[in-house]
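Structure first, then comments.
Bear in mind that the values in this text are calculations on the coordinates, not laboratory data. What you see is a predicted model; the values in this text were computed from it and never measured. All Cβ positions, even for glycine, are placed from backbone atoms using ideal geometry, and neighbour counts span all protein chains on display.
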């Protein structure tokens, strides 16, 4: 079966738009959840700056819980919550909610690992200067880990591009949805190739921008 | 200035406890450079961290100017910590900040106005000799330069005490020397009390006024550099002293002693103080009919006082040798070296 690609361009353009929108918005909100959560995991852990065993265990369990649910199940399972938050359970906006819930805890883990890479000796030196815990987090841990944080957020962004392909289940649209609906289910190979190629390009661009930004931060 | 009042630090883990610091009693006077030496695991790192309360004592107390550190409120502790600079073996500089901002960092944390920070940083970078490196980043500096930044950063808040945690252990001998010279200037020009821990006896000999030897959490010997180096009592101390001062009798000399064909007269002479400056051996060979053959030894300086240790052989008639020995004993310590004795 041949497809008239001419009539298909607007569709692809729209889908690209939807993907970028979903990934962009979800990334912002997921970071807003993930950054503080990651910092909390680092400071409350045993021997952390504000060591708090019970709180650490709870946060750790919550993050693990959300990270163990396959995205497609999360997507469906939280439909009522989605409706509560964005007023609808279908469409691009509706897809953002599960994407945030999926990516936020993931970002928290990435932030945690970035911050843990900072030399404990540097933290100790800052403590010895009479810094507050707050100052240590915002003036030592985050600035020292920034280059690594950028790389990790890039990983999260690319993870979101992948997850957003499943947004079609709630009518979220996007390139992944187009590839599945037209290319995979209707055997329109050309559509599939074009959409997949576009996804490849998007991922490449995100990774390149992330790498360069990270390098620029490290090179000061 | 710093007083460890019977301080003990115990670490508990999985039901077992470990005494890292065991009943340490130690006083460091103002303006002194005090060195604590010990092998790794002796408890030195814990000891030095008790001063600025990076570690809290389990019992006993650490007093700074008669104030118990553990009794301070959080904000008071932060205030007090600004008066205690600290430098580290691995420098612990902020990689994301250049030299200027690394040195400015403790001031900026303390909320010092920008103008004041600027003049202080400029002054202190001048002092450590890094004025031309202020815009460089730590990864562009050599180890010695990084430690200079570390020292500048530690001095930025004008502390009364400087803690040195194995500050030269990651540096080559030449750089070590220059950093130690800088530390001496820190004491001489700013009158800062320095407490340093190290496992290198040459570091202690080079800069310290007082030394304490630590083993298994306890201080086993302490005193002035001269006393400890010239007359170490504990075996561990002797081993440390031996790393920088040759006082062992070498194999070749012991072989001479077992030479059966003729009896040899080999003596160890210890010079202390003024006697090092006198031509004693020359006088002996001129005044008596003996020849003096120096087999082994070393003359060095401890805190500006010469100190020496020579192994000599006296050759000649028995009666002349006895007279020579008698003469020598009036001015130096003399001990006959035998095949079995050290």
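Sorted by average packing, counted as other Cβ atoms within 10 angstrom per residue and highest first, what order do B:35-45, B:132-142 take?
Answer by packing, highest mean first, reads B:35-45, B:132-142.
Measuring from the lowest to the highest alpha carbon on each principal axis, how far does region A:156-208 reach, largest first, in angstroms?
Projected onto the principal axes, the Cα atoms of region A:156-208 cover 33, 24, 11 Å.
Could you work out the relative contact order of chain B? I mean the mean sequence separation of Cα pairs under 8 Å and 6+ apart, divided by the number of residues, in percent.
Computed value for chain B: 18 percent relative contact order.
Roughly what angle does helix B:173-190 make with the longest principal axis of chain B, taking Cα atoms, 0 to 90 degrees, to the nearest 10?
That works out to roughly 70 degrees.
In what sequence, highest mean first, do A:140-147, B:115-122 appear when ranked by Cβ atoms within 10 angstrom?
A:140-147, B:115-122
Could you work out how much longer the chain between residue B:254 and residue B:238 gets when fully extended? Use 0.36 nm per residue separation minus the Cα distance between them, nm to one decimal. Kindly include the intermediate steps, with their values, before the conclusion.
Values: separation 16, 0.36 × 16 = 5.76 nm, distance 2.03 nm.
The span from residue B:254 to residue B:238 would gain 3.7 nm if fully extended.
Separation of region A:16-36 and region B:237-255 by C-alpha centroid, Å?
About 70 Å separates the Cα centre of region A:16-36 from the one of region B:237-255.
Show that you can apply the helix-only estimate: for chain B, add -39,500 (n - 2.57) for every DSSP H stretch of four or more residues, divide by all residues, and state [θ] at 222 nm to the nearest 500.
-10500 deg cm²/dmol
Taking 8 Å as the Cα distance limit and 6 or more residues as the minimum spacing, I'd like the relative contact order of region B:45-129 as a percentage.
15
Give me the Kirkwood hydrodynamic radius of chain A in Å, from all C-alpha pairs, to one decimal place? Provide the component values of the computation, followed by the final result.
On the way: mean 1/r = 0.0527 Å⁻¹.
Hydrodynamic radius (Kirkwood, Cα pairs) of chain A is 19.0 Å.
Where the centroid of each part is defined by its Cα atoms, how far is region B:58-116 from region B:10-35 in Å?
20
Across the residues of B:86-99, average count of Cβ atoms on other protein chains within 10 Å?
On the way: counts 5, 2, 5, 1, 4, 4, 9, 4, 9, 8, 12, 5, 1, 0.
Average per residue, whole number: 5.
Compute the Kirkwood hydrodynamic radius of the protein assembly as shown, taking the inverse of the mean of 1/r over all pairs of distinct Cα atoms, and give it in Å to one decimal.
By the Kirkwood definition, the hydrodynamic radius is 29.1 Å.
Separation of region B:300-327 and region A:186-201 by C-alpha centroid, Å?
Spelled out, the Cα-based centre of one part sits 95 Å from the other.
Can you put B:208, B:164 in order, fewest other beta carbons within 10 Å first?
Fewest to most other Cβ atoms nearby, the residues stand as B:208, B:164.
Mean separation of Cα pairs under 8 Å and 6+ residues apart, divided by the residue count of chain A: what relative contact order is that in percent?
27
Please give the helix A:92-116 orientation as an angle from the longest Cα principal axis of chain A, in degrees from 0 to 90, rounded to the nearest 10.
For A:92-116 against chain A, the angle is about 30 degrees.
Report the gain in length on full extension from residue A:213 to residue A:55: 0.36 nm times residue separation, minus Cα-Cα distance, nm rounded to one decimal.
53.5 nm
If each Cα of region B:251-336 is one equal point scatterer, what is log10 of I(q)/I(0) from the Debye formula at q = 0.15 Å⁻¹?
With no solvent term, the Cα-only Debye profile gives -0.56.
What ranking do B:305, A:42 get, fewest neighbouring Cβ atoms within 10 angstrom at the top?
B:305, A:42
Can you give the Rg and Dmax of region B:2-244 based on its C-alpha atoms, in angstrom?
Rg then Dmax for region B:2-244, in Å: 18.0, 55.
Which distance in nm do the two modelled labels at residue A:201 and residue A:113 give, with both placed 7 Å along the Cα-to-Cβ direction?
With each label placed 7 Å out from Cα toward Cβ, I get 3.1 nm.
How far is helix B:318-329 tilted off the main Cα axis of chain B, in degrees rounded to 10, range 0 to 90?
With both axes taken from Cα atoms, the answer is about 30 degrees.
Assuming R0 = 56 Å, can you tell me the calculated FRET efficiency for the pair residue B:25 and residue A:72, based on Cβ-Cβ distance, to the nearest 0.05?
0.25
With each label point set 7 Å from Cα along the Cα-Cβ vector, what nm distance links residue B:216 and residue B:291?
5.1
Counting other beta carbons within 10 Å of each residue's own, what order do B:182, B:50 fall into, fewest first?
B:182, B:50
Give me the one-decimal nm value for the distance between modelled label points at residue B:75 and residue B:12, 7 Å along each residue's Cα-to-Cβ direction.
3.2
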